Amino acid sequence: MRTRLFITFLLAPALFVILAVVLFPFLFNVILSFSNANLYHIRDWRLIGFAQYASVFRQTLFWSILLKTALWTVVNIVFHVAIGVFLAIVLHQKFIRGKSAWRVALILPWALPQYISALTWRGMFNYEYGAVNLLITKYLHLSPVQWLTSPFEAFLAVIITNIWLGFPFMMVIALGGLQSIPDELYEAADVDGASKWFQFWNITAPLLRPVMIPAITLGTVWTFNNINVVWLVSNMGEPADSTHILVSYVYKAAFNMYRFGWAAALSVVIFAILFIFAQVFLKNTRATEPVY
């Protein structure tokens, strides 16, 4: 009993902080999603049932932004994993010199604060003096691109920025997984005459799965909810709200349009989508099962 009381005493501060900054705001947000809270009902809001949820699903804008968010997430995760695993395999090779320096250089995009990187990329995508257009005109001899004023190009610019920010995380995870694979497996495959491609699909990929599937799950959640890049690179979803993803539109609905109840309902919908995805994805990929 004394030991349990001592453990409870040690855990109490952390539990209090979690209750104050995570659990209470979450529960309050759920309650707010059933209310009519907005600019006109800040102090006198009341519960109105599922009206806000019905309003969310009735709007065509929600479905279009959801589709764009799914596209944003899939494209980013595919490139994050592909580039991260490729660089991890390259850095894992014995003939590579200066591995420590390369690892530090490649992890910098992930280590820097996101808002600094996002604002830097926004400057690089500037039509008149941005580095991207200067490279396009100088080396490709093409006309400069309206990166931040055209809907498709603006969304593409946001994706490029987030790909640059996200691949180092996957690279670090994959590199750690590669270092845990015994060299004897590859030596035996070489003796049997297996090609490098065969070794990758039959040794590397299966043994990387237990570490990469949770990383992909986390990366999907982070990318789905990554408001910083979209908000800063596209200047709050411009042009004409064409680059919004769900989480950035929630922020705009709450703090620009003051539709607090509607934004709370949409945020609960986002939570439900990600929770269901994580459960189904982890179950279907059997990430928690051992590899034999």
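What follows is calculated from the coordinates using simple rules that are stated; it is not laboratory data. Computed from a predicted model, the values in this text were never measured in an experiment. Every residue, glycine among them, receives a Cβ derived from its backbone with ideal geometry; neighbour counts consider all protein chains shown.
What do you get for the angle between helix 114-124 and the principal long axis of the chain? Use alpha-carbon atoms, 0 to 90 degrees, nearest ten. So the helix axis and the longest Cα principal axis differ by about 80 degrees. Note on segment 51-285: with charges restricted to the Cβ of Lys and Arg (+1) and Asp and Glu (-1), its dipole about the Cα centre is near 340 debye.
For segment 51-285, lysine pairs with C-alpha atoms less than 28 angstrom apart, excluding pairs fewer than eight positions apart on the same chain, total 4.
Of the residues 273, 107, 96, the one that moves most in a GNM of the chain with alpha-carbon contacts below 10 Å is 96. Here the mean projected area of the convex hull built on the C-alpha positions of segment 21-176 is 14.5 nm².
Helical runs assigned H by DSSP (4 residues or longer) give the chain a calculated mean residue ellipticity at 222 nm of -23000 deg cm²/dmol, each run adding -39500 (n - 2.57) before division by the residue total. Across all Cα atoms of segment 128-174, the radius of gyration (one decimal) and Dmax (whole number) stand at 13.6, 39 Å.
Rg and Dmax of the chain, based on Cα coordinates, read 23.3, 76 Å.
In degrees between 0 and 90, to the nearest 10, how far off the longest principal axis of the chain does helix 205-224 point, with axes built from Cα atoms? Rounded to the nearest ten degrees, it is 30.
Each of residue 70 and residue 283 was given a label point 7 Å from its Cα along the Cα-to-Cβ line. The distance between the two points is 1.9 nm.
For segment 166-280, the convex hull spanned by the alpha carbon atoms encloses 123 Å³ per residue. Take the chain and mark each of the trypsin sites (Lys or Arg not before Pro) that is in a DSSP loop with at most 13 other Cβ atoms within 10 Å; the longest unmarked stretch, sites excluded, is 98-285.
Remark: 190, 241, 183 ranked as 183, 190, 241, counting other beta-carbon atoms within 10 Å and listing the fewest first.
Around the amide H of residue 35, modelled in the peptide plane, lie the amide H atoms of 48, all under 5 Å away and 5 or more residues distant in sequence or on another chain. Classify segment 8-89 as rounded, prolate or oblate, taking a ≥ b ≥ c as the square roots of the eigenvalues of its Cα gyration tensor: rounded when a/c is under 1.5, otherwise prolate if a/b is larger than b/c and oblate if not. Verdict is oblate for segment 8-89.
Report the calculated FRET efficiency for residue 27 and residue 82 (r = Cβ-Cβ distance, R0 = 35 Å), to the nearest 0.05. According to the calculation, E is roughly 0.35. With 0.36 nm allotted per residue and the present C-alpha distance subtracted, the residue 255-residue 15 stretch has 83.5 nm of extension available. The angle between the Cα long axis of helix 99-111 and the main principal axis of the chain comes to about 10°, on a 0 to 90 degree scale. When the chain is modelled as a GNM with alpha-carbon springs shorter than 10 Å, which of 65, 181, 83 fluctuates the most? Highest fluctuation of the listed residues: 181. Here residue 120 and residue 218 are evaluated by their C-beta separation; at R0 = 30 Å the FRET efficiency comes out at 0.75.
The slack between residue 211 and residue 185, meaning 0.36 nm per residue of separation minus the straight C-alpha distance, is 7.5 nm.
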